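Visitor: Take this structure, written in structure tokens, and hold onto it; I'll ask about it next.
The values are calculated or read from the model by the stated rules, or taken from the named source; none is laboratory data. Since the model is a prediction, treat every value here as computed from it, not as a measurement. Heads up, the Cβs are rebuilt from the backbone with ideal geometry, glycines too, and the neighbour counts pull from every protein chain shown.
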Amino acid sequence: MLIEQIHEPADLKKLSVKQLKQLCEELRAEIINVVSEHGGHLASNLGVVELTVAIHYVFDAPEDKLVLDVGHQSYAHKLLTGRFQAFHTLRQKGGISGFPQQEESEYDAFTAGHASTAISAALGLARTRDIMRGEYDVVTVVGDGALTGGMCYEALNDAGQSNTRMIVILNDNDMSIAPNVGALSRYLTRLRQSKGYIAVKHGVRDRLEKHPKVGAPLYRLLYRFRNTIRSIFVDDKFFSALGFKYIGPVDGHDLRSLIRVLKRARSYDEPQLIHVVTQKGRGYEPAEEHPVTFHGVAPFYVESGSRKQAGETTSGKIVARQLVEMADNDIRICAVTAAMPMGTGMDVFKQAHPERCFDVGIAEEHAVTMAAGMASQGMKPYVAVYSTFLQRAYDQIMVDVCRNALPVTFLIDRAGLVGEDGETHQGVFDLSYLRSIPGMVIAAPRDVRDLKKLVEISQDYDGPMAIRYPKSCEDMGPGIQSQQRVSIGEWELLSDGRDVMIFAVGRMVPLAMQAAIELMGKGVSAGVVDARFVAPMDADMLRRKAVGVRLVVTVEENVLAGGFGEGVLEALSDMGVSTPAMTLGVPDRFIAQASVAEQTLECGLDAYSIARRIRERLAKIGEAGT
């Protein structure tokens, strides 16, 4: 197999175009096989195989720098840069990341995880080159979905006005994760011009190649006037106005054309944007037919494309169904999402109330401020977003929503440890950055029943509120029966204890209950409080249950700095309560890819570890008292 002979990108230069095409098929087969076993991002990676091969064939990495936006298109790049033997460990604990990682390989010029950042990063690399009088090329591949994010235009405008030499490759597959939205998508569709320009160009070339004596000189003549011909089909003024030389559109699966265009681009001394048209899911029929479903997939059978295990019920779907019921009788309720309608479950809401569901593209800042504008006029907007992406809108949450005390509810999906997506996607910071904002109600349900209740009470709450929950309903553990009415700011005593009182948040509540049982077996009486509201805190419950025990413990699936535990320590200090306390949470480091269970164990947040750490602290308290 050719793929086994590729140890570095330089090996590609020894191959003919025919061999490169064979290599593309082998790359696709390897990606499909590994993702079918471990899950991962499939359709997006299949779409850029030829493009990745052409880039590494023309340019000289790692001296030349390749920056990939998001990282959902990095698998072929990894296979071509010395990681073929390790590729079977993709997204596994101790294995290679599903995203570009500088510490993983010298070929990964910049660590990426979120969309719309690559052009800015590449411009930084290019400016460093110019300052240091380097000669290397800087190439960045950006998906058309990323161009719905405003950061791209800040970078394009800066690079264009400064005339910095760099190459931006626009990978246009008419998709981000879900189908693209907005005016830019329509503009790119016009540039694609129903593939008319590419079709005409290929048609003319194919016909002329059948008559080499006449065709070759005639094709060369037409090639000289290609810009005039292209102008009939393509209006490229938008990128030209930003200061970029526009090249394209180019067939992203035609290796000869890609290689020719990239070689020509190396000779230019100005910023360029190469518009490449690709097909998401290319080469695997189920992914071609269902590119959204096969964007990020669980393990599946290659032959049929069906999942190896039954699909899990996501918390987002539960939330969306609850919202639909509420919206049926409340015209104020609307849903806002940033290019993630399926991931957040809001496709369910869109089916029921399409006129009140807004997908704004990869534009979290815009999503939050737009929701604030709607709330200011009497609407009740729900912003559904992954925890890791909500970080991008911190300023808008603070100034536009909370400063104005507007009734915007944030449905924070993928909160806590997220598993195989690793460092850039962990949802373990939201409690900290939201807790710092005045006026924000922050809630975390322990189970599905609790989640529904929290969404329900948010309808009548006239202020900012955030509800954070993990991806899967199963991640929250078995439901805990309760007759207590859920009221904002009130905690719930689940069991009492004489020695230890554990205050747990969200998914940690069932684990705290298990830890209490473990402690009971060791002769330690431990009680558990469901502190479902991180803000405002139930000061009365905290005071009553923190006094008289030997140790107060907080458990949260969040970093300790600025988190729930820190808030409890502050409150105990203000109350003058001197009971010893310990805080358990995510360590002060970025957590690498592994399963959620493995990450929970690594962070010492599984039931056994919680119990062990409590016993160790009690032992130290006992020693100090003797």
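Visitor: Looking at this structure, is A352 in contact (Cβ under 8 Å) with a residue 24 or more places away in the chain, in the same structural domain as S376 (by TED's automatic domain parsing) and crowded, with 20+ Cβ neighbours inside 10 Å?
Guide: When the stated conditions are applied, A352 does not pass them.
Visitor: Continuing with the same structure: Could you check, for region 450-458, whether at least one of its residues is within 18 Å of T313 (Cα to Cα), of a type outside the set (A, V, I, L, M, F, W, C) and in a strand (DSSP E or B)?
Guide: No.
Visitor: Is there a residue being out of contact with any Phe, Trp or Tyr (no Cβ under 9 Å at 6 or more places or on another chain), of a type in the set (D, E, K, R), part of a loop (DSSP other than H, G, I, E, B) and at negative phi anywhere in region 560-574?
Guide: no
Visitor: Against the conditions (1) in contact (Cβ under 8 Å) with a residue 40 or more places away in the chain; (2) among the hydrophobic types (A, V, I, L, M, F, W, C); (3) touching a helix residue (DSSP H, G or I) at 6+ places or on another chain (Cβ under 9 Å), where does A367 fall short? Just the number, please.
Guide: Condition not satisfied by A367: (1).
Visitor: Can you tell me which residues in region 112-144 are within 22 Å of Q426 (Cβ to Cβ) and either under 15 Å from the mean Cα position of the chain (by Cα) or in the same structural domain as E364 (by TED's automatic domain parsing) (or both)?
Guide: A112, G113, H114, A115, S116, T117, A118
Visitor: Determine which single condition I437 fails, assuming it passes every other condition in (1) modelled with pLDDT under 95; (2) assigned to a loop (DSSP other than H, G, I, E, B); (3) within 22 Å of L560 (Cα to Cα).
Guide: That leaves (1) as the condition not met.
Visitor: Continuing with this model, one more query. Taking D588 and the conditions (1) within 36 Å of the chain's Cα centre (by Cα); (2) surrounded by 17 or more Cβ atoms within 10 Å (Cβ to Cβ); (3) free of Cβ contacts under 8 Å to residues at least 60 places away in the same chain; (4) not in a helix (DSSP H, G or I), which numbered condition does it fall short on, given that it satisfies the others?
Guide: All conditions pass for D588, except number (2).
Visitor: Working carefully through the options D330, D359, find the one that is in the same structural domain as V455 (by TED's automatic domain parsing) and closer than 23 Å to A443 by Cα.
Guide: When all the criteria are applied, what remains is D330.
Visitor: Run down M342, M379 and say which single residue is more than 21 Å from L451 (Cβ to Cβ) and either in contact with a helix residue (DSSP H, G or I) (Cβ under 8 Å, 6 or more places away or on another chain) or not basic (K, R) (or both).
Guide: Numbers: M342 fails: more than 21 Å from L451 (Cβ to Cβ).
After ruling out the rest, the residue left standing is M379.
Visitor: V399 versus (1) in contact with a strand residue (DSSP E or B) (Cβ under 9 Å, 6 or more places away or on another chain); (2) free of Cβ contacts under 8 Å to residues at least 24 places away in the same chain; (3) among the hydrophobic types (A, V, I, L, M, F, W, C): which is the lone unmet condition?
Guide: Against the list (1) in contact with a strand residue (DSSP E or B) (Cβ under 9 Å, 6 or more places away or on another chain); (2) free of Cβ contacts under 8 Å to residues at least 24 places away in the same chain; (3) among the hydrophobic types (A, V, I, L, M, F, W, C), V399 comes up short only on (1).
Visitor: Select from region 540-574 the residues that are loosely packed, with under 14 Cβ neighbours inside 10 Å and farther than 24 Å from R612 by Cα and list them in ascending order.
Guide: Hits for region 540-574 are D540, R544, E570, S573, D574.
Visitor: I'm trying to understand the selection: among the residues of region 440-449, which are in contact with a Leu (Cβ under 8 Å, 6 or more places away or on another chain) and assigned to a strand (DSSP E or B)?
Guide: I442, A443, listed by residue number.
Visitor: Related question: Which numbered condition in (1) surrounded by fewer than 20 Cβ atoms within 10 Å (Cβ to Cβ); (2) in contact (Cβ under 8 Å) with a residue 12 or more places away in the chain; (3) closer than 19 Å to D499 by Cα is the only one that R612 fails?
Guide: Of everything listed in (1) surrounded by fewer than 20 Cβ atoms within 10 Å (Cβ to Cβ); (2) in contact (Cβ under 8 Å) with a residue 12 or more places away in the chain; (3) closer than 19 Å to D499 by Cα, R612 misses just condition (2).
Visitor: While we're looking at this one, here's another question. Determine, yes or no, whether R468 is buried (at least 20 other Cβ atoms within 10 Å of the Cβ), basic (K, R) and at pLDDT 95 or above.
Guide: yes
Visitor: Continuing with the same structure: So, restricting to helices (runs of 4 or more DSSP H) that lie completely within region 1-89, which ones have at least 2 residues that are surrounded by fewer than 20 Cβ atoms within 10 Å (Cβ to Cβ) and under 26 Å from the mean Cα position of the chain (by Cα)?
Guide: By residue number, 17-38.
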